[in-house]
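**Student:** Next up is a structure, given as structure tokens.
The values are calculated or read from the model by the stated rules, or taken from the named source; none is laboratory data. Computed from a predicted structure; not experimentally measured. Ideal geometry is used to build each Cβ from the backbone, glycine not excepted, and the neighbour counts take in all protein chains shown.
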Amino acid sequence: MTALAPLLEVRGLKRRYPSGDAGWLDVLLGVDLTVARGEVVAIVGASGSGKSTLLHLLGALDAPTDGEILLDGVPYRSLPDGELALLRNRRLGFVFQFHHLLREFSALENVMMPLRIAGWSAARARSRAEELLAAVGLAGRMTHRPAALSGGEQQRCAVARALVHDPALVLADEPTGNLDHVSGVLLADLFVRLARELETAVTIVTHSRQLAQCADRVLLLDEGRLAPVKEVEALP
């Protein structure tokens, strides 16, 4: 049987930025990465190692200096700006350390929003958002605005929003970083379980050993390149 092609392929990815002394700062020096459908990959590394830079490139929020990124075999660089925006809205989901929920809207309205932007009817978007909020344990909190939710509840709402449109790939940047230990562990377990149930590929940037332990693979970003981590327990 022929193996399925990976959902996400990253080949020789490089990113450099102008530095203040008229030189260049090389952040990524040749990153190679594949992520399969339904796979959860955690990326760890020291602060300033380029983890967020890598995630922004994978999310088509920035462009690499060299190398390429392919989703389902389609290179990002082949897509005009309008199609890249559609890819971000329809095929990618994002979860950040800070939930970025809109304060003036309820949890339900926040989760409905990506679907409404994508053209779903209000009734269909509401039904799907209610389904995801129930899945993250917020069935009884849907009408609450973010200020009335705890930090853990806000992040669960953000996870529901990231998954509501059934993205091919979810990118998470320190999703448990703003939570206490117990809330972080609960969110990590929930996030990974839902991603696997929905067969969504997930790439997580994290400092959390607990979150890394939930992943199928853990990779270390160091000196601009990725390498496998064999002993997650050895992480700080």
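**Student:** Only residues that are in contact (Cβ under 8 Å) with a residue 24 or more places away in the chain and in contact with a strand residue (DSSP E or B) (Cβ under 7 Å, 6 or more places away or on another chain): list them for segment 61-86, please. Explain how you work it out, then say what you get.
**Tutor:** Here is the first cut: in segment 61-86, the ones in contact (Cβ under 8 Å) with a residue 24 or more places away in the chain are 61-62, 64-73, 84.
Those that are in contact (Cβ under 8 Å) with a residue 24 or more places away in the chain and in contact with a strand residue (DSSP E or B) (Cβ under 7 Å, 6 or more places away or on another chain): Pro64, Thr65, Asp66, Gly67, Glu68, Ile69, Leu70, Leu71.
**Student:** Right, something else. What residue, among those in segment 161-184 that are among the hydrophobic types (A, V, I, L, M, F, W, C) and surrounded by fewer than 20 Cβ atoms within 10 Å (Cβ to Cβ), is farthest from Leu108 (Cα to Cα)?
**Tutor:** As a first pass, look at segment 161-184 and keep what is among the hydrophobic types (A, V, I, L, M, F, W, C): 162-164, 168-172, 179, 182.
Subset that is surrounded by fewer than 20 Cβ atoms within 10 Å (Cβ to Cβ): 168, 182.
Details: Ala168: 22, Val182: 25 Å.
Among those residues, the one meeting the criterion is Val182.
**Student:** To continue, here is another question. Quick one: in segment 168-182, which of the residues that are of a type in the set (Gly, Ala, Ser) and either touching a strand residue (DSSP E or B) at 6+ places or on another chain (Cβ under 6 Å) or modelled with pLDDT under 75 (or both) is nearest to Leu58 (Cα to Cα)?
**Tutor:** Within segment 168-182, the subset of a type in the set (Gly, Ala, Ser) is 168, 172, 177.
Keeping just the survivors that are either touching a strand residue (DSSP E or B) at 6+ places or on another chain (Cβ under 6 Å) or modelled with pLDDT under 75 (or both) gives 172, 177.
Numbers: Ala172: 11, Gly177: 20 Å.
The extreme case among them is Ala172.
**Student:** Among the numbered criteria (1) in a helix (DSSP H, G or I); (2) touching a helix residue (DSSP H, G or I) at 6+ places or on another chain (Cβ under 8 Å); (3) closer than 19 Å to Val136 by Cα; (4) of a type in the set (A, V, I, L, M), which single criterion is violated by Val182?
**Tutor:** (2)
**Student:** Here is a further query. Would you list the helices (runs of 4 or more DSSP H) that sit entirely within segment 72-167 and hold 3 or more residues that are more than 23 Å from Val40 (Cα to Cα) and at pLDDT 85 or above?
**Tutor:** Working: elements: 81-90, 107-117, 122-135, 151-163.
By residue number, 81-90, 107-117, 122-135.
**Student:** Could you say whether any residue in segment 170-178 is on the phi > 0 side of the Ramachandran plot and assigned to a loop (DSSP other than H, G, I, E, B)? So that I can check it myself, show each step before the final result.
**Tutor:** Filtering segment 170-178 for residues on the phi > 0 side of the Ramachandran plot gives 174.
Right, trim to assigned to a loop (DSSP other than H, G, I, E, B) and you get 174.
Yes, there is a match, as at least one residue in segment 170-178 is on the phi > 0 side of the Ramachandran plot and assigned to a loop (DSSP other than H, G, I, E, B).
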